[in-house]
Amino acid sequence: MTTTSTDSRLDAIPARIRRRVEEILTRHDGAVRPHREAIIRPDGPSLTSEPTAAGSVNPSWAASNMLRAIDSWHSSTTTTTDALFDAVGDEHENVAADISGDLLGEVVRARHIVLASYVAVTLGRDLAAFRISEDATVLAAGRRIPIAASALASAPSAPPRIRFAVDGTTDPTAVAARLREMATQVETGELAF
């Protein structure tokens, strides 16, 4: 996704701010274009074209390099997002949010493409045949079915695990009191892990 001066979302902001936003987006596009062109392309990225030092082809090595590039792309995009919000101010933050959503969505898409390509190369194309269309729909029952945004969510966070040791001679009521005190401190933000 490249946002250009013809992007209708930019019509909502004053010319001075618009020029600043266009500069930010042009700089961002220049920084991420090589990643975009290498990954978001027909049939996905080439994971078999990277020879190792020994001369063999290792798709894991190529995929990990692309995922590192996507991390860099993500970092650049979050920096761009910060710059967009700073440039437009509170009055036009909806424009910055909308454009930033597209930019960050492109990073998520790239990660998905690399992971699916890696599965296709290492485990077989039949395991990577499931496809999501450009309009975020999936073909099912002969129809294009929209998927929920939650489909892109990462795995749920594991519940926190806290370990502690209690001396065998410690009074259980003292232990319980200390645990209640710590729980209160965590809830109020006085104690962080």
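The values are calculated or read from the model by the stated rules, or taken from the named source; none is laboratory data. For clarity, every value in this text was computed on a predicted model and none was experimentally measured. Methodologically, a virtual Cβ is constructed for each residue, glycine included, from the backbone with ideal geometry; neighbour enumeration extends over all protein chains shown. For the accessible areas, the whole protein counts, side chains as well, though only heavy atoms, and no ligand, DNA or RNA atoms are used. Shrake-Rupley method; radii C 1.70, N 1.55, O 1.52, S 1.80 Å.
Are any of the residues in segment 142-159 within 30 Å of residue 14 (Cα to Cα), open to solvent by 30 Å² or more (accessible area, probe 1.4 Å), in a helix (DSSP H, G or I) and in contact (Cβ under 8 Å) with a residue 40 or more places away in the chain?
For segment 142-159, residues within 30 Å of residue 14 (Cα to Cα), open to solvent by 30 Å² or more (accessible area, probe 1.4 Å), in a helix (DSSP H, G or I) and in contact (Cβ under 8 Å) with a residue 40 or more places away in the chain: absent.
Please specify each residue of segment 70-116 satisfying the condition of being of a type in the set (A, V, I, L, M, F, W, C) and farther than 21 Å from residue 135 by Cα.
Passing the criteria: 70, 73, 83, 84, 85, 87, 88, 96.
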- request: Evaluate the following for residue 184: is it of a type in the set (Ser, Thr, Tyr) and either open to solvent by 70 Å² or more (accessible area, probe 1.4 Å) or in contact with a strand residue (DSSP E or B) (Cβ under 6 Å, 6 or more places away or on another chain) (or both)?
  value: yes
Residue check, residue 138 surrounded by 13 or more Cβ atoms within 10 Å (Cβ to Cβ) and in a helix (DSSP H, G or I): no
query: How about segment 8-28: which of its residues are of a type in the set (A, V, I, L, M, F, W, C) and assigned to a helix (DSSP H, G or I)?
result: 10, 12, 15, 17, 21, 24, 25
field: Qualifying residue in segment 40-62 (condition: over 29 Å from residue 82 (Cα atoms), β-branched (Val, Ile, Thr), in contact with a Phe, Trp or Tyr (Cβ under 8 Å, 6 or more places away or on another chain) and at pLDDT below 90)
entry: yes
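Could you grab me the full set of residues in segment 79-106 that are assigned to a helix (DSSP H, G or I), among the small types (Gly, Ala, Ser) and open to solvent by 10 Å² or more (accessible area, probe 1.4 Å)?
83, 87, 97, 101, 105
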query: Which residue, of 38, 53, 31, 63, is open to solvent by 50 Å² or more (accessible area, probe 1.4 Å), of a type in the set (Gly, Ala, Ser) and part of a helix (DSSP H, G or I)?
result: 31
message: Would you confirm whether or not segment 112-134 contains a residue that is open to solvent by 30 Å² or more (accessible area, probe 1.4 Å), farther than 17 Å from residue 44 by Cα and of a type outside the set (Lys, Arg)?
response: no
message: Checking residue 65 against (1) under 19 Å from residue 107 (Cα atoms); (2) out of contact with any Asp or Glu (no Cβ under 9 Å at 6 or more places or on another chain): exactly one of these is not met. Which one?
response: (2)
task: Would you point out the residue of segment 91-133, among those that are among the aliphatic types (A, V, I, L, M) and out of contact with any helix residue (DSSP H, G or I) (no Cβ under 7 Å at 6 or more places or on another chain), that is modelled with the highest pLDDT?
output: 97
